[in-house]
Amino acid sequence: MIPLLEIRDLAKTYRVPGKSGSKPAQLKAVNGVSLQIAPGETLGLVGESGCGKSTLGKLVLGLTPVDRGEVLYRGTDLVRLSARQLRPYRRHMQMIFQDPFSSLNPRMTVGETLAEPLIIHRLCAATDRQSRIEELLDQVGLDAAAAFRYPHEFSGGQRQRVSIARALAVEPELIIADEPVSALDLSVQAQILNLLREIQTKNKLSYLFIAHDLAVIEHVSDRVAVMYLGKIVETAPADELYRQPQHPYTEALLNAIPQPDPSLAGRPAPLKGEIPSPLNPPSGCSFHPRCPYASEICHQQEPELRHLGSNRQTACHHSDKVGLKKP
Ligand code: ADP
Ligand code: MG
């Protein structure tokens, strides 16, 4: 089967000003990432802040130019298309951001915000527009009166519902959700996650679901890809990854999830230290300075992302030692 989205060896380097007087530095934000998403599938993409998740999302949508690699949408490489050729694909992929306040126009009512994509993409006749807007609001659990209100009149969770409705207006096949619940209270997070799952079933959507911790994406992901300093270090079906991580970084992220169950206490310490700067990445395996399993080889040689079984990959010299020590 052809995946809905296939990313091959995607890379993006930002040039950032060097320290006073020195020449610009190269920041490898995304460094050779390959991923696939099947129709109807949710791929969770997780990693600490700064590891390149948002940049990856923007590369897929063409919001920032690609340096190297391919973005295949149903087999067509979007990277090589002109702006005009790209236009029809644009509609199939939508993005939802962490902060709906900054992505919604404060001077437009919710009705105007939802009408805009319908008009631009000529999706329905003017006479049907109002009922389509009501239908979209209903899908995200808002009542029809919301159309006449402005973004600031809503709570954070309701605003995220509006931005979800706007994404749905163009009937996309893929939604890139970039930390869509990170700014919300825990109880509201659960409501929005449930809504996204409901919508997925109803609309047969695929998601690339970005988060900085593994707790958020556990119940929405079919598969998970773990990213560290611009690279994928592990991919696996979600249930397997949570049960038996095979990269020390994944294990550390799992240990960082607060555990109400006291029988799970006494596991290895969660992540130590900070994520290194991508301007000056460590030698060998970039995780080695923080890794409890690191040995000499990890300082010198970068581990390749290799298959472990048919549907898992990990990039670790010591993957056989990794895994939650369950009591
Ligand atoms: P994440 O979403 O995982 O937090 P980002 O993709 O936002 O990570 O950033 C990855 C790295 O690229 C970070 O070091 C960030 O500072 C850098 N970066 C992101 N956008 C830019 C930009 N426009 N110019 C320069 N550096 C950037
Ligand atoms: Mg981000």
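The values are calculated or read from the model by the stated rules, or taken from the named source; none is laboratory data. The shown structure was predicted, so the numbers you read here are calculated from the model rather than taken from an experiment. Please note: Cβ atoms are built from the backbone with ideal geometry, for glycine as well, and neighbour counts cover all protein chains shown. Accessible surface areas use protein heavy atoms only, side chains included; no ligands, DNA or RNA. Shrake-Rupley method; radii C 1.70, N 1.55, O 1.52, S 1.80 Å.
Per-atom-type breakdown for the stretch 274-327 gives carbon and sulfur 51% of the accessible area (1.4 Å probe, protein chains only). Of all DSSP bridge pairs formed entirely within the chain, close to 60 percent run antiparallel.
Kirkwood hydrodynamic radius for the chain: how many Å is it when counted over pairs of different Cα atoms?
21.2 Å
Build a GNM of the chain with springs between Cα atoms under 10 Å apart, and of 161, 107, 90 the one that fluctuates most is 107.
So how strong a dipole does the stretch 1-92 carry about its Cα centre when Lys and Arg Cβ are +1 and Asp and Glu Cβ are -1, to the nearest 20 debye?
Working: 15 positive and 7 negative charges, 99 e Å.
Here the size comes out at about 480 debye.
Based on protein heavy atoms only, the chain ends up with 49 Å² per residue of surface accessible to a 1.4 Å probe.
Quick check: with the 1.4 Å probe, what order do 283, 102, 295 take by accessible area, largest first? If you can, show how the numbers build up before the last one.
Working: 283 65, 102 95, 295 40 Å².
The most accessible residue leads, giving 102, 283, 295.
Contact order for the stretch 1-136, expressed relative to its length and based on alpha carbon pairs under 8 Å spaced 6+ residues apart, stands at 24 percent. Charge dipole of the stretch 170-301 (Cα centre as origin; +1 on each Lys and Arg Cβ, -1 on each Asp and Glu Cβ, all else neutral): 200 debye, rounded to the nearest 20.
About its Cα centre, how strong a charge dipole does the chain have in debye, to the nearest 20, once Lys and Arg get +1 and Asp and Glu get -1 at the Cβ?
Charge dipole of the chain: 880 debye, to the nearest 20.
Surface composition of the stretch 29-159: carbon plus sulfur atoms contribute 48% of the solvent-accessible area (1.4 Å probe, protein chains only, all chains present). When the chain is described by a simple charge dipole with +1 on each Lys and Arg Cβ and -1 on each Asp and Glu Cβ, the residue from 282, 246, 106 located farthest towards its positive end is 282.
Taking only the alpha carbons of the stretch 12-143, we obtain Rg and Dmax values of 18.8, 61 Å in that order. When the residues 182, 221, 131 are ordered by accessible surface, computed with a 1.4 Å probe over the protein chains alone, the sequence from largest down reads 131, 182, 221. Based on C-alpha pairs under 8 angstrom that are at least 6 apart in sequence, the stretch 155-240 has a relative contact order of 25 percent. When DSSP beta bridges are restricted to pairs lying wholly in the stretch 155-272, around 55% turn out antiparallel.
Which whole-number percent gives the relative contact order of the chain, counting Cα pairs below 8 Å spaced six or more residues apart? Write out the running numbers ahead of the final one.
Working: 597 pairs, mean separation 63.8, N = 327.
For the chain, the relative contact order is 20 percent.
On full extension of the chain, what length is gained from residue 283 through residue 188, given 0.36 nm per residue of separation minus the C-alpha to C-alpha distance? Computed gain between residue 283 and residue 188 is 30.0 nm. Calculated mean residue ellipticity at 222 nm for the chain: -9000 deg cm²/dmol, from DSSP H runs with n ≥ 4 weighted as -39500 (n - 2.57), summed, divided by the residue count and rounded to 500. Heavy-atom accessible area, probed at 1.4 angstrom with all protein chains present, ranks 153, 240 as 153, 240, highest first. Ligands, DNA and RNA aside, residue 274 has an accessible area near 150 Å² when probed at 1.4 Å.
Rounded to two decimals, the Cα-based Rg/Rh of the stretch 111-185, with Kirkwood Rh, is 0.96. Using a probe of 1.4 Å on the protein chains alone, the accessible area found for residue 159 is around 40 Å². Placing a label point 7 Å from the Cα of residue 130 along the Cα-to-Cβ line, the residues of the stretch 137-181 whose backbone N sits under 14 Å from it are 144-148.
In the context of the full protein assembly, residue 116 retains an accessible surface of approximately 90 Å², using a probe radius of 1.4 Å and ignoring ligands and nucleic acids.
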